[in-house]
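Here's the structure we're looking at; comments come further down.
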Amino acid sequence: MTEPWLSADDIAAHLGVTKDTVYTWIAEKHMPAHKVGRLWKFQASEIDDWVRSGGAAQDEPEAHA
């Protein structure tokens, strides 16, 4: 059985973040997402792998001189 495609709302709920955070992560942190027409679609297994690999981790703090 194939994995269902999830919406941005579904993935936001899955991760416990806002939909705005999901869109930011797509743009800035290369969150795995697939554009279908005007909509972003996701597979939970790809997102879970991305999170486990540190994709959603905060950036390293900048060094102060």
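All conditions in (1) under 9 Å from the mean Cα position of the chain (by Cα); (2) open to solvent by 40 Å² or more (accessible area, probe 1.4 Å) hold for ALA56, with the sole exception of (2).
Taking region 27-53 as the range and being assigned to a loop (DSSP other than H, G, I, E, B), over 8 Å from the mean Cα position of the chain (by Cα) and surrounded by fewer than 16 Cβ atoms within 10 Å (Cβ to Cβ) as the test, the residues that pass are GLY37, ARG38, SER53. Would you confirm whether any residue within region 5-12 is of a type in the set (Phe, Trp, Tyr) and open to solvent by less than 80 Å² (accessible area, probe 1.4 Å)? No, there is no match, as no residue in region 5-12 is of a type in the set (Phe, Trp, Tyr) and open to solvent by less than 80 Å² (accessible area, probe 1.4 Å).
The values are calculated or read from the model by the stated rules, or taken from the named source; none is laboratory data. Here the structure is a predicted model, which is why all the values come from computation and not from measurement. Cβ atoms come from the backbone with ideal geometry, glycine included; neighbour counts cover every protein chain shown. The protein model used for the area step is the full one, side chains on, heavy atoms only, and it has no ligands, DNA or RNA in it. Shrake-Rupley method; radii C 1.70, N 1.55, O 1.52, S 1.80 Å.
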